[in-house]
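What follows is a set of notes on a single structure, which appears directly below.
The values are calculated or read from the model by the stated rules, or taken from the named source; none is laboratory data. Please read all numbers here as calculations on a predicted model, not as lab measurements. Cβ atoms come from the backbone with ideal geometry, glycine included; neighbour counts cover every protein chain shown. All accessible areas refer to the heavy atoms of the entire protein, side chains included, with ligands and DNA or RNA removed. Shrake-Rupley method; radii C 1.70, N 1.55, O 1.52, S 1.80 Å.
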Amino acid sequence: MIGRVIKFYNSFFFVEIEDELLPCKLRGLMKRDKRTGSAIYPGDFVEVSKLNDGTGIIEKVEPRQNFLKRPTVANVDQVILTFAATSPDLNRLLLNRFIILAEWSGIEKILICINKIDLIDDAENFLNEYKNLYEIIKVSAVEGTNIEKLKETISNKVTVFTGASGVGKSSILNAVDKNFNLKIGDVSEKIKRGKHTTRVSELIKFADGFLIDTPGFSNVDLTEIGLDEKNLANCFKEFAEYVGDCKFSGCSHSHEPNCAIKSAVENKKILSERYESYLSMLNEINERKKFKYG
């Protein structure tokens, strides 16, 4: 039988098979992971043999469509990056770090959700410079603005909700469905327990799909997810048009002459804000590399 892993809890993988949630253990020879005890994560499709005692054995993992590296979850349809327009003010470098995390993880659809638009004067134009790169949904959890649009967006999808701390993500989800208040609270209580559980996800059923809530982050360690200086530029989608036009084949797009990326920034074809975020991340990766290898 083939099923989807919903969560990992108390040394069991809970696998949904035809609306039944089957607690499963791993076949002994399967590769193990130091953090979760396995190479299997929520969202994975797995082949299961059912036992007479009502549990199951996971025989193998099906090939993944993609794998979000933080939080760890497989086979995601979309990621919604949640930030506030104000209180706290939007940290654009952090926004770009979250975008790069999702791009590096191979997530096809990345959306930006901006909460608290009721608290700013020019909500219509807020962050519009990003609209040609990513879909932006501007909401107010307090006033209900665009909550129905958000519901439609997450229906029939496997959606990861992630974002910065303190932006009202829980309020948004409760505006989408008041029942999330209990479900997410229960998940959050589990997240508090255990040293390494803050990045373990659980799939919550919603509108013929699944929603994965995550704890708010204040930072993303790019080297921790395996991103290096060679792959960073590939995660900036607007760079793709220009990377082959640089004078040097190994151009880092930072200090080299005749760099097509820098020219595109000067000609306002690439947002200077995005390029500055790229340079900041590149510097961080290189500094971490120096610290590690000396």
- Task: Starting from the Cα of His255, step 7 Å along the direction of its Cβ; do the same at Ser11; then give the gap between the two resulting points in nm.
- Result: 5.4 nm
- Kirkwood hydrodynamic radius of region 4-140, Cα pairs, Å: 17.3 Å
- Phi to ³J(HN,Hα) by Karplus 6.51 cos²θ - 1.76 cosθ + 1.60 over region 123-128, Hz, x for Gly, Pro: 5, 4, 9, 5, 6, 5
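Rounded to the nearest 500, what is the 222 nm mean residue ellipticity of the chain from helices alone, with -39500 (n - 2.57) per DSSP H run of 4+ residues and division by all residues? Don't skip to the answer; put the middle values down first.
Values: 7 runs with 75 residues, N = 294.
Computed ellipticity for the chain at 222 nm equals -7500 deg cm²/dmol.
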- What percentage of the solvent-accessible surface of the chain, computed with a 1.4 Å probe over protein heavy atoms, is contributed by carbon and sulfur atoms? 47 percent
- Task: Identify all aspartates and glutamates with a Cα-Cα distance to Lys237 below 12 Å; exclude those on the same chain that are fewer than 8 residues away in sequence.
- Result: Glu103, Glu108
- Query: Once the Cα gyration tensor of the chain is found, what semi-axes does its equivalent ellipsoid get, as square roots of 5 times the eigenvalues, in whole Å, sorted largest first?
  - Reply: 35, 26, 16
- Ranked highest first by the average count of other Cβ atoms within 10 Å around their residues, in what order do 2-12, 106-116 fall? 106-116, 2-12
- Note on the structure: When the chain is treated as a Gaussian network with springs between alpha carbons less than 10 Å apart, the largest mean-square fluctuation among Glu135, Glu241, Glu229 is found at Glu241
- Relative packing of peptides 117-123, 204-210 - highest average C-beta neighbours within 10 Å first: 204-210, 117-123
- Item | For region 162-171, 3J(HN,Hα) per residue [Karplus equation, 6.51 cos²θ - 1.76 cosθ + 1.60, θ = phi - 60°, Hz, x = Gly/Pro] | 9, x, 6, 6, x, 9, x, 4, 5, 5
- Item | Listed residues Gly43, Gly244, Gly166, most fluctuating in the chain (Gaussian network, C-alpha, under 10 Å) | Gly244
- Would you mind checking which residues have amide H under 5 Å from Thr72's amide H? H placed 1.01 Å from N; only 5 or more apart, or other chain. Ser201
- Message: For the chain, set up a GNM with springs between Cα atoms under 10 Å and report which of Asn174, Asn132, Asn91 has the largest fluctuation.
- Response: Asn132
- The answer for Gly56, listing residues at least 5 apart or on another chain whose modeled amide H is closer than 5 Å to its amide H, is Cys24, Lys25, Leu51
- Query: Quick one: accessible area per residue over the chain, 1.4 Å probe, rounded to a whole number of Å²?
  - Reply: 51 Å²
- Message: Give me the dipole magnitude in Debye, nearest 20, for the chain about the Cα centre, with unit charges on the beta carbon: positive for Lys and Arg, negative for Asp and Glu.
- Response: 1160 debye
- Message: Can you give me the C-alpha center-to-center distance between region 62-135 and region 142-173, rounded to a whole angstrom?
- Response: 11 Å
- Task: Pick out, from Leu227, His253, Leu51, the residue whose Cα sits farthest towards the positive end of the charge dipole of the chain, with +1 on the Cβ of Lys and Arg and -1 on the Cβ of Asp and Glu.
- Result: Leu51
- Query: So how much slack lies between Glu284 and Arg27, counting 0.36 nm per residue of separation and subtracting their Cα-Cα distance, in nm?
  - Reply: 88.5 nm
- May I ask you to evaluate 6.51 cos²θ - 1.76 cosθ + 1.60, the Karplus curve with θ = phi - 60°, for each residue of region 235-246 and list the ³J(HN,Hα) values in order in whole Hz, giving x for glycine and proline? 8, 9, 4, 6, 6, 4, 5, 10, 4, x, 9, 6
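Using the Cα atoms of region 53-132 to build a convex hull, what is its mean projected area in square nanometres?
8.2 nm²
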- Query: Near the amide H of Thr145, under 5 Å away, which other amide H atoms are found, from residues 5 or more places off or on another chain, if H is placed in the peptide plane?
  - Reply: Ser140
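Using Stokes-Einstein with the Kirkwood hydrodynamic radius over Cα pairs, what translational diffusion coefficient do you get for region 212-265 at 25 °C and a viscosity of 0.890 mPa s, in µm²/s rounded to a whole number? Don't skip to the end; give the middle numbers.
On the way: Rh = 13.0 Å.
My calculation gives 188 µm²/s for D.
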- Note on the structure: Here D for region 89-189, in µm²/s, from Stokes-Einstein with a Kirkwood Rh over Cα pairs at 37 °C and 0.692 mPa s, works out to 225 µm²/s
- Among all cysteines in the chain, which have no other cysteine Cβ under 4.7 Å from their own Cβ? Cys24, Cys113, Cys235, Cys259
